Each structure stands twice: as C-alpha cells, then as structure tokens.
1. Give or take rounding to whole Å, what are the principal axis extents of the alpha carbon atoms in region 161-273, in descending order?
2. Can you tell me what percent of all Cα-Cα pairs in region 248-341 are more than 21 Å apart?
3. Using a 1.4 angstrom probe on heavy atoms only, work out the carbon and sulfur share of the accessible area of the chain in %.
4. Once every DSSP H run of n ≥ 4 in the chain is given -39500 (n - 2.57) and the sum is divided by its residues, what mean residue ellipticity at 222 nm do you get, rounded to the nearest 500 deg cm²/dmol?
5. Mind scanning LYS189/LYS326; LYS207/LYS274; LYS122/LYS274; LYS126/LYS280; LYS185/LYS228; LYS204/LYS326 and naming the pairs with a C-alpha gap bigger than 31 Å?
6. Fully extended, how many nm does the chain gain between ALA278 and ALA175 (0.36 nm per residue separation, minus their Cα-Cα distance)?
7. Tell me, what is a quarter of the convex hull surface for the C-alpha atoms of the chain, in nm² with one decimal?
8. What distance in nm separates the simple spin-label points at GLU84 and ARG115, each placed 7 Å from Cα in the Cβ direction?
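The values are calculated or read from the model by the stated rules, or taken from the named source; none is laboratory data. These figures come from a predicted structure and were not determined experimentally. In this analysis, Cβ positions are derived from the backbone assuming ideal geometry, glycine residues included, and neighbour counts consider all displayed protein chains. All accessible areas refer to the heavy atoms of the entire protein, side chains included, with ligands and DNA or RNA removed. Shrake-Rupley method; radii C 1.70, N 1.55, O 1.52, S 1.80 Å.
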Amino acid sequence: MHESRSNGAGQRHRVFSGIQPSGSFHLGNYLGAIRNWVAQQPLYDNIFCIVDLHALSLPTTRNQLRANILHLANVLFASGLDPEASIVFIQSDVSEHAELCWLLNSVTQFGELRRMTQFKDKTGGKEEQVSAALFDYPVLMAADILLYDTDLVPVGEDQTQHLELTRDVATRFNARYGDTFVLPKADIKETGARIMSLEDPTKKMSKSDASPNAAIALTDTPDVIRRKIRRAVTDSGSEVVAGPDKPALTNLLTIYSLFEGEPIPEIERRYAGKGYGAFKQDLAEVVVAGIEPIQRRLTELEADPSFAREALAAGAERARTRAARKMAVVRDRMGLGLADG
Ligand code: TYM
C-alpha cells in the first residue's frame, strides 16, 4: 500500500518526479510512472517536471524539442495530472535546476558517474563522442529532486541507481556543509515498474528501441495496438501463466493486470486451457479500452494548446518560489558570493 502520507510535522510528504520530452511515450512510461503519479495525486504535495534540460543530453533540434515539450504536457494532463492539485512545470523555466546541478557536481565523483548503467547503455559503445551532458545527467536529476526537499520519488525500476546516487550526493553535501538536503526515497511499485519490450522480454520497453513493434505508444491507434500484441513474442508452451521462466507471458499478464485492476492469478485461472491466441486478443482490447479515454482527452487538449501553456506557466511560478528559497540556503552554506557580508 501507500507510504504514510505525512511527515512528523504533519505536512504532507513531498513527491517529485520527472519525465523527458523525447518523442513518443509508451506503456512503460505510463504503467511504471505516470499512472502512479495520477493515482497518488490526492495523497501528497506533488511536483512533476518536464525535464527538457535532460533531453539535451542526446541530439535533438529546436523544433523537435518544442513540439515534444507541448506533446508531453498534453499527455500528462490527458492522463489525469491536475495542475490545481500538482505543480507541473518545465525544468528550464526554473534556472535553479541548472545552478544546483553545477554546485552538486563539486560533491560528485567522476567514478560514481562512470558506474551509472544508464550512461553505459546510452553511449552505445561510443563513449568518446557522447555529450558531457549525458555523463552529468544523473547530477541534474539529483538537483531536480534535492531542490524541493523531496521525500518520495515515484519512478520505474530503471531509475533505482540514479536515486541511490542522489542520496549519496546529498549525504556527502550534508556532511561537508551541514544538514541541507532531505534524503529522498524511491517509490517503485512491485508491479509495472519494469514493463518489457514486446519483441524481447529480457529488455525493458524503451523509447529508443530501433524496432517500432517493441513498444506500444500511448498514441498508437487501436489497429496498431492489436497488431503489435498479436505479434508480441511468447514463451515456449501454451499455458497463460506468469513465472521466472516465462518472461514474455509475465510481461503481458502484468500489462493486463494493471489495466484491469485484476490480480495475475485470477487472470491465469480464467485463461487456463485457452491458449495464447485468445489471451492476446483480449489483452489487445483491454489496452485499447485502457488508453482510449487518454487519447480522447489528448485530442481535445491538442486542439487548445493554451490549457497546457497556462498550466505550465503557473506551475513554473510556484516551483520558482520554492526553488529560490532553497538555493539561497545552499549558496550561503557553500560560501558563494558575499550577500550577507
Ligand atoms: P524517462 O523520461 O526516461 O522515463 C519516465 C519514467 O518512465 C519510467 N519508465 C518505465 N517504467 C516501467 N517500465 C519501463 N519500460 C519504463 N521505461 C521508462 C522511468 O523509470 C521514469 O520514471 N531520469 C528520468 C527523468 C528525470 C527524473 C528526475 C525522474 C529527470 N529528473 C527527477 C525522477 C526525479 C528518466 O529517464 O525518465
């Protein structure tokens, strides 16, 4: 169940999470992150960030980035983020993120960053040519989180190592300069934190997968969804069961279970003896029905970009106030400038 919702002082726990505006969003992003943000929205003091500075770590263009930011904002609002209940904003609108990143660089070790598995994955063997921003990516993420005294960070499993680094950096800063940062905890759900590729269930579903059939995008049409699920790889055998030796079926059952809110053993029981074909056909309809309301709302929002623009501007305003307050403390602790004589 949920973590307790407030701290000792009776304030609601602070939640912060981020998502990159880089292309299309898939079921992994939705089931591993966005959906949980929406579900937990009433419980916490929430801040959700469109991390456009992070998106600069891989090659992009001005027009592409602009379009991706607006699309992501509409996806988040269409999925149910409520700009009244949560602060939703664009990272680059609050310059303190970049500033704190630089300051935290001074308490981060080169070796720590070199050990980050996401960095190794994203370099694709071309370490000499990738941007320095890709290497520094986890420090900017630590800055995002630490800037707001975050207690909980709801993310998919692939972010675990980045969260550990954030805690290590905060601990080192606090030891050197005095207690300044709250140590955040990752909020990773047991189910859905690692949705796998439909073509290779040993790999996570990913935006950067070269094959378009590996991931279901939130904007895929019903026919595309049906085709991708029909083609999804399965395990040897014919029974619809999850288990460590059945990675493909485990993944498909997980997706079914999350959309329908039905435990996996019950689904297994219902499909006993029915084979993969019948299960896949029903799963496709479950996914189509599950994302249909999001797609409908997305179409409405895309017709009226002013909703997202206004919500993000108001979100940035609120985030800026909090970030400025924190940065004044950080600068003072580190001895930067001569503001107070
Ligand atoms: P990004 O944009 O890659 O992913 C956004 C969220 O989606 C989750 N996710 C998945 N969950 C389950 N199964 C999958 N196959 C899958 N693929 C992606 C990610 O875990 C993430 O929660 N570094 C972050 C962005 C970020 C951030 C932050 C997050 C920047 N600053 C501060 C939290 C706090 C990222 O790569 O997101």
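1. If we take the Cα atoms of region 161-273, the spans are 62, 32, 24 Å.
2. Pairs farther apart than 21 Å: 62 percent.
3. 51
4. The helix contribution divided over the chain gives -16000 deg cm²/dmol.
5. Beyond 31 Å between Cα atoms: LYS207/LYS274; LYS122/LYS274; LYS126/LYS280; LYS185/LYS228; LYS204/LYS326.
6. 31.3 nm
7. Dividing the Cα hull surface by four gives the mean projection, 18.9 nm².
8. If labels sit at GLU84 and ARG115, their model points lie 4.7 nm apart.
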